[in-house]
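Chemist: This is the structure, below, for whatever I ask next.
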Amino acid sequence: MLFPMTLWTLNEIDLALRASWSADTCSLDDLASAGWQPDNPSWGQCDVTALVLHDIFGGDLMLGDVHSGGEHYGYHWWNRLPSGVELDLTREQFQCGQVVSGARVVRRPAGPLPRRWAEYQLLRSRVEAHLGTLPPPAGETEPDTTSDAVRPTPSVYTTVSQGS
C-alpha cells in the first residue's frame with residue numbers, strides 16, 4: 001500500500017509529540033522513580049518517541065547509558081537520521097545533571113515491541129490525531145492498530161556494531 005506524501009515541519013512534529021506525551025505514555029520505571037509532571041513532559045518518553053520518529057524519518061535508533069551521581073541510572077533513546085544528523089526531542093528531560101554516554105545503534109525488532117507496545121501505540125495514535133496518517137513502522141506495510149498484545153520482556157533490541 002502506498003501512503004500519500006505528507007509534508008510536516010520538524011516544529012509540527014515536535015509540537016504533536018509534546019501534545020501527546022502524558023503519564024500514560026511514560027516509562028513505568030521513570031514513573032516509579034520520579035513520577036511524570038507536565039513541567040517536564042519529555043520525562044520517560046524517549047523510547048516511544050524515538051520509535052515514532054523512526055516511523056517518520058527512518059535512520060537509526062540510538063541508545064545510551066544514563067548516569068546520575070556516578071551511578072548507572074538507566075537508558076536513553078534518540079534517533080540518527082539517514083543524513084547522519086542526530087535528533088533527540090527528549091534530551092531536555094535530564095534536568096538534574098544526568099549524563100548520557102556509550103551511544104550505540106540498536107536494531108528495531110519487527111512486529112510488536114517486546115516492551116511498551118501499548119504506550120508506543122497510544123503515543124503514535126495521538127501524534128496521528130495531530131498530524132494525520134504516519135508512515136508504517138519499518139518492515140510493516142501498514143500500521144497495526146488492532147493488536148494490543150505485548151511480547152515477553154527479554155530484550156530483542158540488538159546492538160549493531162559500528163562496522164555494520
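Chemist: Take the residues in segment 68-112 that are among the hydroxyl-bearing types (Ser, Thr, Tyr) and in a loop (DSSP other than H, G, I, E, B); name whichever of them is farthest from GLN37 (Cα to Cα).
Modeler: SER83
Chemist: Now, a different point. Take segment 113-131 and flag every residue that is part of a loop (DSSP other than H, G, I, E, B) and open to solvent by less than 30 Å² (accessible area, probe 1.4 Å).
Modeler: LEU113, PRO114, ARG116
Chemist: Check whether at least one residue in segment 132-139 is at pLDDT below 90 and closer than 20 Å to TRP36 by Cβ, and report yes or no.
Modeler: No, segment 132-139 contains no residue that is at pLDDT below 90 and closer than 20 Å to TRP36 by Cβ.
Chemist: Here is a check on your reading of the model: is GLY44 open to solvent by less than 30 Å² (accessible area, probe 1.4 Å), without any contact (Cβ under 8 Å) to a residue 24 or more places away in the chain and not polar (S, T, N, Q)? Quick ask: steps written out before the conclusion?
Modeler: Numbers: open to solvent by less than 30 Å² (accessible area, probe 1.4 Å): yes; without any contact (Cβ under 8 Å) to a residue 24 or more places away in the chain: no; not polar (S, T, N, Q): yes.
Judged against the criteria, GLY44 is not a match.
Chemist: Can you tell me which residue is modelled with the lowest pLDDT among those in segment 13-28 that are open to solvent by 10 Å² or more (accessible area, probe 1.4 Å) and in a helix (DSSP H, G or I)?
Modeler: Here the answer is LEU28.
Chemist: May I ask you to list the residues in segment 75-95 that are surrounded by fewer than 16 Cβ atoms within 10 Å (Cβ to Cβ) and within 18 Å of SER27 (Cα to Cα)? Lay out the reasoning, then the answer.
Modeler: First pass over segment 75-95, keeping only residues surrounded by fewer than 16 Cβ atoms within 10 Å (Cβ to Cβ): 81-86, 91-92, 95.
Once the filter is applied, which keeps residues that are surrounded by fewer than 16 Cβ atoms within 10 Å (Cβ to Cβ) and within 18 Å of SER27 (Cα to Cα), segment 75-95 yields ARG91, GLU92, GLN95.
The values are calculated or read from the model by the stated rules, or taken from the named source; none is laboratory data. Computed from a predicted model, the values in this text were never measured in an experiment. Methodologically, a virtual Cβ is constructed for each residue, glycine included, from the backbone with ideal geometry; neighbour enumeration extends over all protein chains shown. What goes into the accessible areas is simple: the full protein's heavy atoms, side chains included, and nothing from ligands, DNA or RNA. Shrake-Rupley method; radii C 1.70, N 1.55, O 1.52, S 1.80 Å.
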